[in-house]
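The values are calculated or read from the model by the stated rules, or taken from the named source; none is laboratory data. It should be emphasised that the depicted structure is a prediction, and the values quoted were computed from it without experimental measurement. Note that we place each Cβ from the backbone using ideal geometry, even for glycine, and neighbour counts take in every protein chain shown. Ligands, DNA and RNA are stripped out before the accessible areas are found, and what is left, the full protein with its side chains, is counted by its heavy atoms. Shrake-Rupley method; radii C 1.70, N 1.55, O 1.52, S 1.80 Å.
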Amino acid sequence: MALSRLRHPLFSRSLRILSSPARSFSRTSNSTIFTVVGPHTLRPASCSRLTGILDRSLKSKWTDVKYLSSSDSSHEVLGMPALSPTMTQGNIAKWRKKEGEKIEVGDVLCEIETDKATLEFESLEEGFLAKILVPEGSKDVPVGQPIAITVEDANDIQNVPASVEGETKVEERKPTHQDVTDERKPESTSTMINASELPPHILLEMPALSPTMNQGNIAKWRKQEGDKIEVGDILCEIETDKATLEFETLEEGYLAKILAPEGSKEVAVGQPIAITVEDASDIEAIMNSVSSSSTKQQKASQRDTKSEVKSQKNNITRISPAAKLLITEYGLDVSTLNATGPYGTLLKGDVLSAIKSGKLSPKPSSSKEKVSSSRSHQQVAASRESKSDLKQSDAYADFPNSQIRKVIAKRLLESKQNTPHLYLSSDVILDPLLSLRKDLKEQYDVKVSVNDIIIKVVAASLRNVPEANAYWNDEKGEVILNDSIDISIAVATEKGLMTPIIKNADQKTISAISSEVKELATKARDGKLKPHEFQGGTFSISNLGMFPVDKFCAIINPPQACILAVGRGNKVVEPVIAADGIEKPSIANKLSLTLSADHRVFDGKIGGAFLSALQSNFSDIRRLLL
């Protein structure tokens with residue numbers, strides 16, 4: 001697997017503290033690094049020397065910031081870095097430097113296996129590697145845990161402590177992390193696993209394949225139980241909230257047990273999905289142990305279900321008149337019904353639901369009821385015939401939603417509720433665009449669509465009005481201007497609406513935009529878009545011109561601040577002034593544009609300036625070729 005070189009983003013600096021013993025400070029709310037100024041004073045240290053991959057949405061992984069001091073040495077404690085936004089732990093694959101060796105700026109200290117790839121951990125300072133705290137081959141080392149100590153002077157190596165105060169071994173922290181995970185999601189785990197009963201194994205969890213992913217669907221298992229797996233092999237295909245991605249293995253071995261079968265829906269990130277082993281002889285033990293624990297869990301769940309049903313019985317405090325009528329007509333036992341109304345009220349819908357389910361218990365008959373039952377038998381039969389007609393008319397079919405559609409529905413609702421939408425509409429003359437498209441095809445044999453040229457026009461207009469290429473920052477409460485112009489285009493797929501991105505659209509030619517749009521649209525429909533191809537974007541375009549839609553209003557796609565809705569072109573009669581100065585009617589093609597904008601970013605002035613730039617670029621379309 002290819003190695004990527006990154007500088008480490010996390011470290012703690014230990015300084016010499018005069019007349020003060022070694023101190024340890026803990027900080028969990030954020031990732032601020034402190035410098036010890038005096039015996040009792042702390043101040044934030046400058047972070048300008050920190051480089052690496054950082055994400056605004058990534059929570060601080062630095063849980064124990066250690067400051068070590070000695071009367072004879074100053075040294076630096078290196079923590080496990082967060083080399084990707086989703087990384088919470090890593091494996092020490094190999095130490096490139098040994099204890100006591102000289103290190104220079106840029107030297108590779110070790111190789112770290114992350115949840116994505118194997119990366120190199122570089123030193124930012126020169127000195128000597130005094131102590132390796134986490135040996136080669138260590139697994140699941142949490143981000144922020146100290147892994148090594150460096151010193152500036154070789155004479156200080158002997159004064160470095162053998163361990164860091166408060167440091168815990170990897171083997172001790174691993175079950176703790178697992179226990180916390182299991183405690184946090186006791187209901188999401190499909191199979192409870194007792195690790196002490198299993199041979200040496202690795203528990204594979206549902207990975208976070210995108211920054212916004214919190215659950216996914218197992219679309220397909222590429223490997224089956226018992227199959228040999230090599231580094232880089234694709235284990236399964238996972239459907240995220242954006243696309244269907246491949247899950248690769250970082251270690252060789254055998255796939256012993258699949259915990260989340262193919263087709264599993266809404267599997268939470270971190271939930272176990274499979275177990276792998278290094279030795280093929282351990283597969284049978286894994287399968288037998290997991291199967292027995294699964295059977296015990298099913299029996300326990302059945303007991304819980306029965307007790308829950310019993311507890312739900314007899315929770316009726318009053319019965320509505322309509323419900324009483326149905327109970328009398330069908331001769332139902334009230335104790336078998338479940339009330340969903342306020343204060344334990346049995347509603348008509350509760351009785352109808354019980355009738356449709358077919359799980360009914362007849363009401364115990366008394367001697368009086370036996371006499372009256374023969375008289376009302378015909379009435380009840382007639383009533384049941386009418387109710388059967390009602391049941392047929394209420395027939396429906398559930399349409400299962402894909403993970404992508406669920407996320408789209410959730411985010412669009414949040415956008416409409418939390419973003420103040422401002423709508424601005426304008427009509428533009430389409431004839432110059434159609435003329436340019438025709439000339440490109442006839443003279444240069446370049447085939448481009450109307451949408452390709454619209455993307456170029458919008459990008460040029462954003463360059464003319466940079467205030468429109470912005471978004472609202474909720475944390476700071478202010479408008480942030482984007483450095484690049486990245487246009488998101490809406491593409492309809494079977495799984496939902498995807499928005500691949502044309503990056504730096506203002507710097508590309510119309511033919512380059514056309515080729516990229518075709519490539520990204522094909523990937524989107526096949527579900528093979530990579531995260532960087534659909535995450536981000538500064539402006540969106542939704543074009544329904546291929547349908548009989550004259551104009552519409554689109555919903556903003558957060559965190560973007562605006563989206564342009566493009567309708568179809570129509571022929572209209574426009575007054576034009578002829579050469580003789582007389583106004584005459586003329587036929588023109590007009591296109592309706594509607595801009596949906598975040599009113600916190602756009603006011604009337606910015607919106608008007610942007611639409612004016614659009615109209616100007618549409619009327620003089622050939623200058624886009626310059």
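The table below lists the values:
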{"item": "For segment 537-626, fraction of C-alpha pairs farther apart than 18 Å, in %", "result": "59"}
{"item": "For a label point 7 Å along the Cα-to-beta-carbon line of Lys551, residues of segment 595-610 with backbone N under 16 Å", "result": "595-597, 608"}
{"item": "Inter-label distance, nm, simple model (7 Å from Cα along the C-beta direction), His532/Glu414", "result": "2.5"}
{"item": "Computed FRET value (nearest 0.05) for Asn401 with Glu246, which takes r as the C-beta separation and R₀ as 30 Å", "result": "0.85"}
{"item": "Nitroxide proxy distance, nm - points 7 Å out along Cα→Cβ at Ser586 and Ser612", "result": "2.4"}
{"item": "Accessible area of segment 564-618 belonging to carbon and sulfur atoms, whole % at 1.4 Å probe", "result": "56"}
{"item": "Counted charge near Cys110, where neighbours are those whose Cβ lies closer than 11 Å (Asp, Glu -1; Lys, Arg +1)", "result": "-2"}
{"item": "Taking the convex hull of Cα positions in segment 404-443, its mean projected area over all directions (nm²)", "result": "5.5"}
{"item": "Cα gyration tensor shape of segment 433-510, rounded if a/c is under 1.5, else prolate or oblate by comparing a/b with b/c", "result": "oblate"}
{"item": "Environment charge of Ala93, counting only residues whose C-beta is closer than 11 Å and scoring Lys/Arg +1, Asp/Glu -1", "result": "-2"}
{"item": "Cα-Cα P(r), segment 472-592, percent of pairs per 5 Å interval", "result": "2, 10, 14, 17, 17, 13, 9, 7, 5, 4, 2, 1, 0"}
{"item": "Extension gain, Leu625 back to Leu325 (0.36 nm per residue minus Cα-Cα distance, nm)", "result": "100.3 nm"}
{"item": "Sites Lys571 and Glu478 - FRET efficiency at Förster radius 45 Å, r taken between beta-carbons, to 0.05", "result": "0.50"}
{"item": "Overall form of segment 520-567 per C-alpha gyration tensor (a/c, 1.5; a/b vs b/c)", "result": "oblate"}
{"item": "Asp140 - accessible surface, heavy atoms, 1.4 Å probe, Å² rounded to 10", "result": "40"}
{"item": "Met287-Lys139 FRET efficiency (beta carbon distance; Förster radius 22 Å; 0.05 resolution)", "result": "0.45"}
{"item": "Contour excess over end-to-end distance, with Cα ends at Ile234 and Ser425 and 0.36 nm allotted per residue", "result": "63.9 nm"}
{"item": "Alpha-carbon centroid distance for the pair segment 490-563 / segment 84-142, whole angstrom", "result": "40"}
{"item": "Net charge, Leu347 excluded, C-beta distance under 12 Å - Lys, Arg +1, Asp, Glu -1", "result": "+2"}
{"item": "Rounded accessible area per residue of segment 529-626, 1.4 Å, Å²", "result": "50"}
{"item": "Distance in nm between pseudo-label sites at Val446 and Glu278 (7 Å out along the Cβ direction from Cα)", "result": "5.9"}
{"item": "Gyration tensor (alpha-carbon) shape descriptor, segment 200-246, a/c threshold 1.5", "result": "prolate"}
{"item": "Dipole moment magnitude, nearest 20 debye, segment 481-626 about Cα centre, only Lys, Arg, Asp, Glu C-beta charged", "result": "300"}
